[in-house]
């Protein structure tokens with residue numbers, strides 16, 4: 001017997017597990033007992049445990065993307081298995097699983113006899129209860145006189161229980177009515193928000209009791225989730241004694257009473273039956289409860305085990321309905337959360353399969369943007385108007401990013417970070433990123449015109465884009481979700497955005513991003529850039545934000561030819577070409593002016609060794 005403690009999302013739960021394998025994951029159970037996890041960084045199928053021998057545990061990593069970490073620092077890679085000594089602690093996602101040998105019971109319970117237990121009709125609930133569990137037995141706490149229990153069998157039934165084994169067989173009309181009602185309740189549990197009301201009514205219509213209740217356990221207390229008739233009309237609509245027995249045993253309890261029974265909650269009650277509603281972990285989440293009143297001068301119709309089993313089936317349907325509602329609410333909460341970062345289409349996809357958010361390494365295209373001269377503009381506008389202006393700028397950029405199914409990772413002051421090709425595959429991620437940048441840079445002049453009078457200067461934005469590998473996942477914490485990338489690719493995109501200030505162009509992209517663009521994108525090679533933290537210079541390109549004119553294409557061709565002369569130490573030829581470019585008009589091309597300055601300095605100093613790469617200091 002294993003004792004398992006799961007710590008996840010600030011909560012702790014413990015349970016015992018008997019023989020056989022035990023799995024952990026966010027997905028549904030298969031043919032193995034499962035501990036259901038809500039941690040979004042746990043895979044749908046993540047971990048399998050099984051006792052190999054006393055004190056030894058067989059462990060298998062079922063995840064296809066995440067390692068299983070042990071407390072001693074070891075990691076179990078995807079698909080691997082091993083043997084470990086107990087006790088042991090595992091980390092999966094943001095959750096912790098502690099496994100130890102369960103203490104042996106002080107007095108072993110004697111085996112059940114045919115008089116004490118009855119094999120129930122097997123019931124499929126959609127969320128199978130645990131195959132083995134340390135539970136209270138009838139020998140531990142005997143039931144009150146007259147109370148009978150439908151016990152869960154210690155193993156699978158050897159044969160289905162026939163109706164005649166449970167008492168007198170109902171007629172065909174009764175059976176047809178029962179099955180019709182059961183089907184309607186199960187359909188309600190699968191499709192309708194009123195499934196609890198359907199369950200309460202079925203206790204009366206199907207089993208022939210006078211009152212039907214569905215009790216829900218919320219924060220350790222019982223609440224009535226549904227009642228039929230709607231108003232029970234008394235202070236004690238159910239027996240706490242019966243309810244507590246169901247909670248203790250996790251089994252269906254039924255009793256035929258008599259007028260001599262003096263419990264205040266059972267005065268005037270002839271028959272009681274209560275069946276547990278189990279959650280996916282096998283804990284009691286609710287109870288389906290029915291009662292029949294005493295009828296003066298009439299022989300009381302006794303409840304049979306068959307009727308009690310029907311109530312048990314109703315409880316299973318109610319459990320499936322509760323789980324469906326919980327899954328729906330989780331999906332709604334997830335989608336609302338996801339829509340803060342992702343497009344509506346991607347948010348819906350993630351709500352259905354949150355495993356897409358599991359941390360992993362993948363190639364992404366990262367975009368950084370930053371408002372130019374923000375400090376001076378904010379001084380001119382004042383705090384309130386600055387916030388309004390920044391909301392418009394960020395909304396303008398965010399809208400274009402979402403239109404290309406990008407992820408808005410974060411807003412930091414006057415800057416924005418976005419990403420493509422995660423969490424879902426986007427083969428054209430560089431194209432999407434550059435398209436978004438061109439779109440919002442094209443929208444910016446209209447916004448700037450609205451604010452230029454107040455801001456006293458144009459509203460301009462610098463953009464840096466790079467494509468490369470990154471670690472992608474929840475870079476926030478358990479209490480604050482933030483899905484995004486980490487690694488050198490992110491740092492380089494930030495450096496490229498910073499370089500736009502010195503180079504004098506609105507958008508710079510890396511050579512890695514440029515290599516993934518078709519010819520329809522207008523780019524100009526600016527040379528190579530030495531970036532702090534990177535051993536080799538990075539090839540950089542201007543991304544032209546708009547349709548290139550013939551004049552711009554002529555400028556680009558002449559500049560790139562001058563750059564080739566400069567890199568070949570042909571500084572005189574470079575100076576001649578660049579001087580001609582600067583003589584064409586009053587609007588000087590800043591990259592041409594800077595390259596001319598560097599060429600002139602090389603003519604003067606004849607540097608040895610010669611490094612054609614630009615070095616740009618980080619600016620505020």
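Any idea how many residues of segment 438-474 are in contact with a helix residue (DSSP H, G or I) (Cβ under 8 Å, 6 or more places away or on another chain), assigned to a helix (DSSP H, G or I) and within 26 Å of residue 489 (Cα to Cα)?
2
For segment 522-529, check the following and say yes or no: at least one residue is modelled with pLDDT of 95 or more, assigned by the TED database to the domain that holds residue 436 and over 18 Å from residue 614 (Cβ atoms).
Within segment 522-529 (the criterion being modelled with pLDDT of 95 or more, assigned by the TED database to the domain that holds residue 436 and over 18 Å from residue 614 (Cβ atoms)), the answer is yes, since at least one residue qualifies.
Considering each of 546, 539 in turn, give the residue that is under 49 Å from the mean Cα position of the chain (by Cα), in a strand (DSSP E or B), under 22 Å from residue 496 (Cα atoms) and in contact (Cβ under 8 Å) with a residue 24 or more places away in the chain.
539
Yes or no: residue 320 within 37 Å of the chain's Cα centre (by Cα) and modelled with pLDDT under 80?
yes
Please verify whether segment 332-341 includes one or more residues that are surrounded by 15 or more Cβ atoms within 10 Å (Cβ to Cβ), outside the structural domain of residue 390 (by the TED database), touching a strand residue (DSSP E or B) at 6+ places or on another chain (Cβ under 8 Å) and modelled with pLDDT of 70 or more.
Looking through segment 332-341, none of the residues is surrounded by 15 or more Cβ atoms within 10 Å (Cβ to Cβ), outside the structural domain of residue 390 (by the TED database), touching a strand residue (DSSP E or B) at 6+ places or on another chain (Cβ under 8 Å) and modelled with pLDDT of 70 or more.
Hey, could you check segment 405-419 for residues that are modelled with pLDDT of 95 or more and touching a helix residue (DSSP H, G or I) at 6+ places or on another chain (Cβ under 6 Å) and say which is farthest from residue 505 (Cα to Cα)?
Taking the candidates together, the pick is 418.
Just one of the numbered conditions (1) in a strand (DSSP E or B); (2) within 28 Å of the chain's Cα centre (by Cα) is not true of residue 397; which one?
The number of the failed condition is (1).
Filter segment 400-415 down to residues that are buried (at least 18 other Cβ atoms within 10 Å of the Cβ) and in a helix (DSSP H, G or I), then give me how many there are.
The number of residues fulfilling the criteria is 3.
Output the residue which, of all residues in segment 31-63 that are in contact with a strand residue (DSSP E or B) (Cβ under 8 Å, 6 or more places away or on another chain) and surrounded by fewer than 16 Cβ atoms within 10 Å (Cβ to Cβ), is nearest to residue 82 (Cα to Cα).
My answer is 58.
The values are calculated or read from the model by the stated rules, or taken from the named source; none is laboratory data. Bear in mind that the values here come from a model prediction, so they are computed numbers and not experimental data. For neighbour counting, all protein chains shown are included, and Cβ atoms are generated from backbone atoms with ideal geometry for every residue, glycine included.
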